[in-house]
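The numbers here are math on the coordinates, done by the rules we state, and not lab data. Computed from a predicted structure; not experimentally measured. Cβ: placed from backbone, ideal geometry, glycine included. Neighbour counts: every protein chain shown.
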Amino acid sequence: MTPSAPTGTVVPAPPREAATTGPTLTWTDGRFLRLRQPHRILAGSLHYFRVHPEQWADRLQRVASLGLNTVDTYVPWNFHERRRGDIRLDGWRDLPRFLRLAQEAGLDVIVRPGPYICAEWDNGGLPAWLTGRPGMRPRSSHRDFLNEVGRWFDVLIPLIAARQAAHGGPVVAVQVENEYGSYGDDRVYLRWLRDALVARGISELLFTADGPTPLMLDGGTLPGELAAATFGSRPDQAAALLRSRRAGEPFLCAEFWNGWFDHWGERHNVRSAQSAADDVKGILAHGGSVSLYMAHGGTNFGLWAGANHDGTNLQPTITSYDSDAPVAEHGALTAKFHALRETLAPHRTRPVPPPPDDPPLLKPTTLSVRHGAGLLGALKSVSTPLHTSSPLSFEELGQNSGLVLYTAHPVIPPGPHEVTVTGLHDRAQVFADGTLVTVLDRPTSTFTLTGTGAAVRLELLVENQGRINYGPLLGQRKGILGGVRVERRLIHGWSMRPLPLDEWTADDLARAATAAEPADGRGIATARLRVEEPADTFLSLPGFGKGFVWVNDTLLGRYWDVGPQTTLYVPRPLLRAGDNVLTILELDHFGQRLDLLDAPDLGPREEYIETFA
């Protein structure tokens with residue numbers, strides 16, 4: 001178990017045990033050896049948590065056919081332990097099965113267990129129940145944080161250790177934390193993590209990965225462990241910097257950004273096949289090893305997409321994580337796939353399977369939509385209010401994601417009055433006696449209500465648009481964190497209805513759709529799709545504004561007409577032969593139909609070169 005210590009003292013690391021066998025990957029004179037033979041790591045990222053488990057084997061085969069000999073994946077703690085003490089490693093969370101399938105595809109595996117992963121994943125992979133705890137100091141040697149990491153590692157790391165190459169498994173390397181030098185410089189924390197991995201059985205190669213700048217490498221590297229870099233361009237500069245600091249170590253680009261992710265309201269970021277191939281050639285020309293980020297991006301199903309912050313505004317990440325990767329979101333092989341396959345060909349030492357055909361797609365069709373219950377009535381039909389004096393945050397309500405409906409009944413004197421909401425995260429639709437008044441999207445937001453001297457039913461429907469996954473605002477709480485004032489007077493006497501959309505069942509969806517309140521331009525809509533043979537498809541929602549879509553009883557993800565993404569990928573395993581029900585929770589305005597298309601539309605494209613610098 002993880003040791004603890006009084007507040008303010010250094011927590012001792014777990015004892016470091018000697019490995020019984022040597023690691024599979026070693027190095028000498030600046031080059032990797034695998035079982036003492038010269039080796040070059042040709043890897044690519046593929047996240048099991050972003051791919052339906054019935055498609056894991058297919059996507060791994062596609063990565064192998066790219067010419068890679070290794071796949072790497074993060075492990076998102078919050079995906080496996082949504083609630084403290086309920087650790088899940090089955091179904092979509094069956095990491096051991098994913099590792100076995102990777103081995104069957106002929107791939108080595110690099111595991112990146114965090115506990116922080118970034119990955120544009122909600123909260124950087126850290127559980128909200130952890131970062132929302134008062135006084136918590138994530139990504140540091142803070143006692144409470146290390147105690148929780150140790151408890152999680154007690155379950156996770158032995159599973160990984162048992163599947164190391166030394167024991168006949170595929171795991172050849174494990175990363176210590178993730179790009180820590182971009183966040184902090186707590187070396188006690190990094191050493192503790194390194195030793196915690198070893199104490200729980202990791203004997204294969206350990207490494208750190210940071211951006212190729214002196215500041216980042218100073219903060220994130222560990223003496224005695226391989227230092228890798230993450231970047232998207234100028235491999236000669238990265239190689240020179242690493243070699244100037246780590247003479248004799250091999251040059252490893254642990255993330256080569258051959259594409260990029262997208263935020264809502266921005267353009268779809270792409271990188272040309274030639275640009276990506278040229279920089280991979282540069283890494284290889286320097287004798288380097290490389291991991292493509294991403295080889296296959298996948299999808300932020302449900303509400304797992306994270307967010308960034310530009311210093312002024314929240315930047316929520318879209319549902320697609322296609323990332324302009326060589327293997328597209330639905331498994332198709334792109335021009336970048338073929339360009340990189342050719343680039344890697346001279347450096348392969350294993351047989352490579354031929355590129356497979358693209359997955360089959362449903363024939364395009366249009367579905368009529370039935371508008372059901374209005375928004376507020378639908379939400380109230382599937383929730384139970386909790387009454388308190390002041391508004392509570394998502395974390396205080398024990399809720400990770402989704403919506404919370406806050407209601408109060410203030411008496412507002414006659415005439416117009418300014419109402420201020422403080423600590424709003426992230427977006428609130430404001431209703432007065434059931435009528436939409438405004439939409440707020442700033443931490444401190446104001447609007448005007450005209451009072452009559454009587455009580456008004458004031459309702460704020462607050463949406464968590466994704467927890468920040470990178471930078472100093474990591475772990476920021478959601479909901480109404482301050483209060484709501486009429487002029488300078490605080491409003492008290494609140495009820496809150498938690499609405500964890502990604503936990504709704506088929507019964508919840510049916511109850512919401514048939515709630516008594518009539519449709520008012522927003523609320524629940526449904527459509528029926530009959531298929532003979534399930535296949536992939538792309539869902540378009542013309543005329544709809546902002547909301548969420550379920551396919552049968554699985555929350556597919558968010559949509560939003562600000563773009564850039566205008567279609568949502570529907571993987572074949574979510575459909576069944578016969579009738580399928582699509583349920584839409586629309587927050588802003590209904591459309592009249594749904595279109596199923598045979599190609600994705602991720603929006604206007606932009607070559608985002610500065611990202612790769």
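Worth pointing out:
- Euclidean distance between Cα centres, the stretch 57-99 to the stretch 397-469, Å: 39 Å
- By the beta-carbon count within 10 Å of each Cβ, the least crowded to most crowded order of Leu361, Leu99, fewest first, is Leu361, Leu99.
- 12 Å beta-carbon shell around Val430, net charge (K/R +1, D/E -1): -1
- Taken over the alpha carbons of the chain as equal point scatterers, the Debye sum produces base-10 log I(q)/I(0) values at 0.05, 0.08, 0.10 Å⁻¹ of -0.23, -0.58, -0.90.
- Potential lengthening of the chain between Asn313 and Ala577 amounts to 90.7 nm, from the contour at 0.36 nm per residue minus the alpha-carbon distance.
- Nearby aspartates and glutamates by direct alpha-carbon distance to Lys478 (threshold 15 angstrom, same-chain neighbours under 8 apart not counted): Asp122, Glu395, Glu396, Asp426, Asp441, Glu463
- Label positions at Arg84 and Arg100, each projected 7 Å from the Cα along the C-beta direction, are separated by 3.3 nm.
- R0 of 22 Å, Cβ-Cβ distance Glu342-Ser272: FRET efficiency to nearest 0.05: 0.90
- Rounded to 5, percent antiparallel among DSSP beta bridges of the stretch 38-347: 20 percent
- Cα centroid separation, the stretch 195-214 to the stretch 33-55: 17 Å.
- Helix content alone sets the calculated 222 nm mean residue ellipticity of the chain: runs of n ≥ 4 DSSP H residues at -39500 (n - 2.57) each, divided across all residues, give -5500 deg cm²/dmol.
- Dipole magnitude of the chain, debye to nearest 20 (Cβ charges: Lys/Arg +1, Asp/Glu -1, about Cα centre): 1060 debye
- Burial ordering of Val456, Val419, fewest other beta-carbon atoms within 10 Å first: Val456, Val419
- Between Ala335 and Asp601, the FRET efficiency estimated from the beta carbon spacing at R0 = 22 angstrom works out to 0.80.
- Qualifying aspartates and glutamates (Cα of each under 14 Å from Cα of Lys380; at least 8 residues distant if same chain): Glu459, Asp508, Glu517
- Span-rule helices in the chain, defined as complete DSSP H runs reaching 24 Å or more along the axis (Cα) with Kyte mean at least -1.0: 143-161
- Computed from the Cβ-Cβ distance with R0 of 35 Å, the FRET efficiency linking Ala247 to Arg350 stands at 0.70.
- Here's the list of lysines a cross-link from Lys336 could span, going by alpha-carbon distance under 17 Å and ignoring same-chain residues fewer than 8 apart: Lys281.
- Ranked by how many other Cβ atoms sit within 10 Å of their own Cβ, fewest first, the residues Ser140, Ser540, Ser244 fall in the order Ser244, Ser140, Ser540.
- Extension gain for Thr213 to Arg511 (0.36 nm times residue separation, less C-alpha to C-alpha distance): 101.9 nm.
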